[in-house]
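Student: Sharing a structure, written as structure tokens. Questions coming.
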Amino acid sequence: MKRIESTQNAFVKHWKKLVSTRKEREKSGEFIVEGFHLVEEALKNKEQIVQVIIREGVELPLGWSLDDVIVVEVTENVAKEIAETETSQGVFAHCKQVGISLEEQMNWKKLLLVDAVQDPGNVGTMIRTADAAGLDAVVLGKGCADSYNPKTLRSAQGSHFHIPVIRGDLMEWVEKLQERNIPVYGTALEKAIDYKELKSTNSFALIMGNEGSGIQKELLEKTDQNVIIPIYGQAESLNVAVATGILLYKLVD
């Protein structure tokens, strides 16, 4: 097992940047997950793992399959440099982002399109919900939180390793999907039907919009049907991730 003791080590500096900056994640195509659960999910996709990092004194579960996986032990000081949570479990995985071919994308029939949702916790929960509902992919449009932000990764609870998450131009995606006769649903107050009128379907795309301003007008004009979730109490609106769960399960039910 390799051991790193210095916070000035080149690997440690790289890991720290992967945790703290979107620019480093995008440039390298890599990211860091933290905690036993996320590392265990990563180990189910070993081709994505560069190395597993453990703090000295941390015991890895006996059931983990670490064949062909590089494991690096680090000191407590090094672990603090890369830990994003306050009470870190001291286990991390340095991973590679997965590229998705155009051919694979053409096979997707059930998609969640996310328009400028800025909160990483919401984006992560939406990815997790899309995974749970059996969708084929999530497409993040301009203005969305980074899908590999540590908070996004934590909220998604390992779903990044189960469902493709890509960035894309949502206008282009809507046009391509409609060319394939895949209906596109938006959420809006005007010209909308009650979500209970939706019929479950084997192919669809659902667009969910920004927490405050909703879906951009140009996208709403392109949708096949817009839907609304009624508010029965005094809350001004539903959280975007909660609304996503309600609508996705109505469409796939």
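Student: Rank these for me by crowding, His14, His160, going from fewest to most other beta carbons within 10 Å. It would help to have the intermediate numbers written out before the result.
Tutor: On the way: His14 16, His160 28.
If I rank by nearby Cβ atoms, fewest first, I get His14, His160.
Student: For the pairs Lys142/Lys199; Lys13/Lys80; Lys17/Lys96; Lys46/Lys109, flag any whose C-alpha to C-alpha distance is greater than 18 Å. Walk me through the intermediate numbers first.
Tutor: Numbers: Lys142/Lys199 29 Å; Lys13/Lys80 12 Å; Lys17/Lys96 14 Å; Lys46/Lys109 27 Å.
Lys142/Lys199; Lys46/Lys109, as the Cα separations exceed 18 Å there.
Student: For Glu73, what residues show an amide H to amide H distance below 5 Å, using hydrogens built from the backbone and excluding near sequence neighbours?
Tutor: Lys2, Arg3, Ile4, Ile54
Student: Continuing with the same structure: How many percent of DSSP beta bridges within the range 174-246 run antiparallel, rounded to 5?
Tutor: Numbers: 1 of 9 bridges.
So the antiparallel bridges in the range 174-246 amount to around 10 percent.
Student: What is the gain in length, in nm to one decimal, between Lys44 and Lys176 on full extension, counting 0.36 nm per residue of separation less the C-alpha to C-alpha distance? Write out the running numbers ahead of the final one.
Tutor: Numbers: separation 132, 0.36 × 132 = 47.52 nm, distance 3.23 nm.
Result for the pair: 44.3 nm of gain on full extension.
Student: Moving on to the next point. Could you point to the residue in Thr21, Tyr249, Trp64 farthest towards the positive end of the chain's charge dipole, with +1 and -1 charges on the Cβ of Lys/Arg and Asp/Glu respectively?
Tutor: Comparing the listed Cα positions along the dipole, Thr21 ranks first.
Student: Restricting to the chain, compute how many DSSP beta bridges are antiparallel as a %, nearest 5. Mind dumping the intermediate values first?
Tutor: On the way: 11 of 38 bridges.
Taking every DSSP beta bridge with both residues in the chain, the antiparallel ones total about 30 percent.
Student: Using mean Cβ contacts within 10 Å as the protection proxy, how do 220-227, 38-45, 95-102 order, highest first?
Tutor: On the way: 220-227: 17.4, 38-45: 19.0, 95-102: 13.4.
The densest-packed peptide leads the list: 38-45, 220-227, 95-102.
Student: Where Lys and Arg each count +1 and Asp and Glu each count -1, what net charge lies around Lys46 among other residues with Cβ under 10 Å from its Cβ?
Tutor: That sum, taken over residues with Cβ under 10 Å, equals -2.
Student: What does the charge dipole of the range 2-96 about its Cα centre add up to, to the nearest 20 debye, if the Cβ of each Lys and Arg holds +1 and the Cβ of each Asp and Glu holds -1?
Tutor: Values: 14 positive and 17 negative charges, 100 e Å.
For the range 2-96, the charge dipole is close to 480 debye.
Student: Normalising by the residue count of the chain, find the relative contact order in percent from Cα pairs under 8 Å and 6+ residues apart.
Tutor: Details: 461 pairs, mean separation 46.0, N = 253.
Relative contact order comes out at 18 percent.
Student: For the range 1-44, compute the orientation-averaged projected area of the C-alpha convex hull (one quarter of its surface), in nm².
Tutor: Values: hull surface 16.2 nm².
Approximately 4.0 nm², given one-decimal rounding.
Student: Measuring from label point to label point, each 7 Å out along Cα→Cβ, what is the Ser20 to Val98 span in nm?
Tutor: Here the answer is 3.1 nm between the modelled labels.
Student: Separate question: When the helix-only estimate is applied to the chain (DSSP H runs of n ≥ 4, each -39,500 (n - 2.57), divided by the residue count), what is the mean residue ellipticity at 222 nm, nearest 500 deg cm²/dmol? Spell out each step's value before the answer.
Tutor: On the way: 10 runs with 84 residues, N = 253.
Value at 222 nm, helices only: -9000 deg cm²/dmol.
Student: If all Cα-Cα distances of the chain are sorted into 5 Å bins from 0 onward, what percent lands in each bin, rounded to whole numbers?
Tutor: Bin by bin from 0 Å, the calculated values are 1, 6, 13, 17, 17, 13, 10, 9, 7, 4, 2, 1, 0.
Student: Among DSSP beta bridges lying fully in the range 2-96, give the percent that are antiparallel, nearest 5.
Tutor: Numbers: 10 of 17 bridges.
Here the share of antiparallel DSSP bridges comes out near 60 percent.
Only the coordinates and a few stated rules stand behind these numbers; no lab work does. Note that the coordinates shown come from a computational prediction; the quantities given were computed from them, not determined experimentally. Using ideal geometry, Cβ is built from the backbone for each residue, glycine included, and neighbour counts are taken over all protein chains shown.
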